[in-house]
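Data first, discussion second: the structure below is written as structure tokens.
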Amino acid sequence: MRILAKIVFWFVAISVGLTLLYRFVPPPVTVTMLVDGNGITKDWQPLSRIDRNMVAGAIAAEDGKFCTHNGFDTNAIEKAFERNAAGGRLRGGSTISQQTAKNVFLWQGDGWTRYLRKGLEVWFTFLIENLWDKRRIMEIYLNVAETGIGTYGVEAGAQRYWGKSASNLTTTEAGRMAAALPSPKTRSVKSPSGFTRRYGNTIAARIGTVKTQGLDACVYD
């Protein structure tokens with residue numbers, strides 16, 4: 001029991017310490033990056049240098065309640081559980097906060113480790129929601145999310161696909177990048193077709209709604 005208590009103590013202490021550190025310092029590397037056999041291309045940019053269209057696009061595509069939830073969207077989780085219980089490919093109901101926690105502190109993948117990761121993801125999501133503000137969560141999310149093969153962050157993605165900075169993205173460009181976020185290795189950003197193209201266009205059309213309805217207000221207030 002003493003050994004277990006020490007393990008729990010040090011896990012809590014280290015996880016809280018890292019979370020506090022990353023409130024001020026960019027995460028230098030993630031597990032996903034380290035195990036990526038395609039190398040790592042990334043270029044950290046503060047949120048002030050990332051176009052608001054990209055922020056709105058991420059919210060439109062991934063988490064419309066980003067500014068109002070505490071890290072978890074219970075309705076989305078319930079719907080995902082119902083779909084998964086009905087059979088077929090597993091689908092999640094993760095928020096941007098949950099994805100940020102996973103991307104920064106944990107690992108990707110399926111199998112039995114998925115369930116272990118999900119448990120840890122709850123803990124780290126709780127931490128970042130209480131130790132960071134929403135702006136910092138979004139800033140880190142857009143800098144560590146995989147945006148292409150061996151490409152991490154929207155700045156590296158914008159340079160790869162359009163040869164320009166993420167500070168100047170059109171709604172179409174932001175929509176296409178956001179559409180590819182769930183599966184960046186298989187969904188084409190620059191020349192999308194089929195579902196990715198239609199979904200990207202839908203996200204692009206929603207970007208204006210996100211702005212006018214203030215769904216991204218917590219990032220800029």
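Once you place label points 7 Å from the Cα toward the Cβ at Val25 and Arg197, how far apart are they in nm?
Here the answer is 4.6 nm between the modelled labels.
Just the accessible area per residue of the chain, please: how many Å² with a 1.4 Å probe?
52
Can you pull the accessible area of Ser193 for me, 1.4 Å probe, Å² to the nearest 10?
Rounded to the nearest 10, that gives 90 Å².
Enter the accessible area of Glu121 (Å², nearest 10), with the probe set to 1.4 Å and all protein chains included.
Rounded to the nearest 10, the figure is 0 Å².
With no solvent and one point per C-alpha, what does the Debye sum give as log10 I(q)/I(0) for segment 70-221 at q = 0.18 Å⁻¹?
Each listed q corresponds, in turn, to -1.32.
Semi-axes of the equivalent ellipsoid for segment 1-50, please: Cα gyration tensor eigenvalues, times 5, square-rooted, ordered largest first, whole Å.
Equivalent-ellipsoid dimensions as semi-axes: 30, 17, 5 Å.
I'd like the accessible area for Phe124: 1.4 Å probe, protein heavy atoms, all chains in place, Å² to the nearest 10.
Accessible surface of Phe124 is approximately 10 Å².
Treat every Asp and Glu Cβ in the chain as -1 and every Lys and Arg Cβ as +1, leave all other atoms uncharged, and give the resulting dipole magnitude about the Cα centre to the nearest 20 debye. Intermediate values should be presented prior to the final figure.
On the way: 28 positive and 18 negative charges, 79 e Å.
It works out to roughly 380 debye.
Take Trp123, Trp10 and sort them by solvent-accessible surface of the protein heavy atoms, 1.4 Å probe, largest at the top.
Trp10, Trp123
May I ask for the angle, rounded to the nearest 10°, between helix 2-22 and the longest principal axis of the chain, with both axes built from Cα atoms and the value confined to 0 to 90°?
30
Taking the Cβ of Leu120 as the centre, find all other residues whose Cβ is under 14 Å away and add up their charges (Lys, Arg: +1; Asp, Glu: -1).
Residues close to Leu120 contribute a combined charge of +3.
Local charge sum around Lys42 (other residues, Cβ-Cβ under 13 Å, Lys/Arg +1, Asp/Glu -1)?
Here the charged neighbours net out to -3.
Leaving out ligands, DNA and RNA, and with a 1.4 Å probe, what % of the accessible surface on the chain is carbon or sulfur?
Values: 6530 of 11420 Å².
The nonpolar share, carbon plus sulfur, comes to 57 percent.
Check cross-link reach from Lys211 to the lysines: straight Cα distance under 20 Å, and skip same-chain residues fewer than eight apart.
Lys65, Lys134
The values are calculated or read from the model by the stated rules, or taken from the named source; none is laboratory data. It should be emphasised that the depicted structure is a prediction, and the values quoted were computed from it without experimental measurement. We place every Cβ from the backbone using ideal geometry, glycine too, and count neighbours over all the protein chains shown. Ligands, DNA and RNA are stripped out before the accessible areas are found, and what is left, the full protein with its side chains, is counted by its heavy atoms. Shrake-Rupley method; radii C 1.70, N 1.55, O 1.52, S 1.80 Å.
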